[in-house]
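The values are calculated or read from the model by the stated rules, or taken from the named source; none is laboratory data. In this text, all values refer to a predicted model and were calculated from it rather than measured experimentally. No Cβ is skipped: glycine too gets one built from the backbone with ideal geometry, and neighbour counts run over all protein chains shown.
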2 protein chains.
Amino acid sequence: MGITKTEIFTDEQNKLAVQLKAIAHPARIAILQLIIEAKACICGDLSSELGLAQPTVSQHLKELKNAGLIQGTIEGVSVCYCIEPEAWKNLNDELNKLFSSYKDFNNCC
Amino acid sequence: MGITKTEIFTDEQNKLAVQLKAIAHPARIAILQLIIEAKACICGDLSSELGLAQPTVSQHLKELKNAGLIQGTIEGVSVCYCIEPEAWKNLNDELNKLFSSYKDFNNCC
DNA sequence: TAATTATATTGCAATATTACGATTAATTAA
DNA sequence: TTAATTAATCGTAATATTGCAATATAATTA
């Protein structure tokens with residue numbers, strides 16, 4: 001089939017999966033890191049910094065934006081991207097929840 | 001082309017991307033949650049609990065195992081899966097590093 | 001307005017993912 | 001050894017992702 005059966009999972013599980021998928025690519029991890037360090041937040045700068053073509057970077061930025069993780073501000077002829085604080089915090093919280101729910105000692109096997 | 005240019009990224013970025021991709025699916029999130037709560041750790045139990053066919057669950061388990069996030073122990077005729085503590089802790093650390101590197105005030109735009 | 005600069009979109013080829021029926025392999029029980 | 005039980009693998013169809021050249025769009029400057 002090739003299509004994820006989202007209807008059998010909770011909204012939380014689906015949302016977490018979508019946001020994780022957004023950051024589950026080395027280029028998008030690198031983009032987030034560059035944006036956070038503010039070494040680059042302009043598509044063109046990211047493109048030359050990463051060594052990926054401009055349309056490719058634009059597409060990655062779009063996916064991060066679709067997941068709500070970044071936001072773009074028009075700055076003259078270019079667009080400056082930065083982290084969307086709410087979503088970033090929210091994803092951090094959800095991940096903390098997941099990871100902290102595991103205690104070493106409750107292994108069942 | 002359809003293939004990720006892993007060679008232009010660091011090993012850390014690539015490894016993080018691989019592990020995130022492994023958990024970036026609602027079924028695999030659900031599987032991890034069930035394993036952690038030890039409500040189910042057997043492929044068949046997970047299958048009926050999730051409402052996904054056995055081969056599908058088996059494939060998801062394989063991907064989590066390939067990413068090093070879970071391990072399987074043969075228990076008679078079935079296999080019991082549980083979290084691989086080292087990798088789990090490592091991924092948690094890497095994510096904490098990424099998320100904590102962002103400070104609200106260093107927005108550049 | 002026309003030229004310039006930068007980003008977004010389109011279209012496409014190559015590859016990867018998702019899901020599952022059918023089958024095979026492995027282990028235990030009779 | 002045979003039957004039963006469970007998990008893994010194979011094969012396949014449907015869909016999604018990745019990367020980029022070509023092009024379109026938007027904003028600024030001359």
message: Can you find, within the range B:92-104, the residue that is farthest from A:Gln19 (Cα to Cα) among those that are facing chain A (nearest Cβ under 8 Å) and in a helix (DSSP H, G or I)?
response: B:Asp104
task: Tally the residues that are over 18 Å from A:Ala17 (Cα atoms), more than 9 Å from DNA strand D (Cβ to nearest atom) and not aliphatic (A, V, I, L, M), restricting the search to the range B:31-47.
output: 2
- request: Report yes if B:Lys5 is modelled with pLDDT under 95, near DNA strand D (Cβ under 8 Å from one of its atoms) and among the basic types (Lys, Arg), otherwise no.
  value: yes
field: Matching residues, the range B:79-109, being surrounded by 14 or more Cβ atoms within 10 Å (Cβ to Cβ) and polar (S, T, N, Q)
entry: B:Asn90, B:Asn92, B:Asn96, B:Asn107
query: B:Gln71 is checked against (1) touching an Asp or Glu at 6+ places or on another chain (Cβ under 7 Å); (2) part of a helix (DSSP H, G or I) and fails just one. What number does that condition carry?
result: (2)
task: Can you tell me which residue within the range B:1-30, out of those that are within 17 Å of A:Val57 (Cα to Cα) and not in a helix (DSSP H, G or I), is nearest to DNA strand C (Cβ to nearest atom)?
output: B:Gly2
message: So, in the range A:17-30, exactly how many residues are within 7 Å of chain B (Cβ to nearest Cβ) and over 19 Å from B:Lys97 (Cα atoms)?
response: 1
